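Below: one structure, written as structure tokens.
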Amino acid sequence: MSKITVQNTQITVIKQNEDDYISLTDMLKAKDGEFFFSNWLRNRNTIEFLGIWERLMNPNFNCAEFDIIKSQAGRPPCAPQSDCHQSDACVRER
């Protein structure tokens, strides 16, 4: 794991095999703190995007559990750690 600096903000970069992944969490926290991140996770379009990405990229993704999480989109903020754990999602808050 390494970090890059973008507009005076430290962004985590994780290398997995030959691919680099940047932390969306770090970028969102820099924009407007925890509120923006929680608000972003309530957005149904965000949840659907994350679900599509996970289905394509994560062979261990639990689609059935994710469908339950997706049905709750728009309600009070999701809990990233528990939702990710339940669905075996790779996209996690770091």
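Nothing in this text is a laboratory measurement; each read-out follows from the coordinates by a stated rule. This one's a predicted model, so the numbers in the text were calculated from it and none came from an experiment. When we count neighbours, we look across all protein chains shown, and the Cβ atoms used for this are built from the backbone with ideal geometry, even at glycine.
Just to check I understand the Karplus step: with θ = phi - 60° and J = 6.51 cos²θ - 1.76 cosθ + 1.60, what whole-Hz values come out for segment 4-21, glycine and proline as x?
10, 10, 10, 6, 6, 10, 7, 10, 6, 10, 10, 9, 10, 6, 9, 9, 9, 10
Quick check: pseudo-label points 7 Å beyond the Cα along Cα→Cβ at residue 10 and residue 39, how many nm apart are they?
2.6 nm
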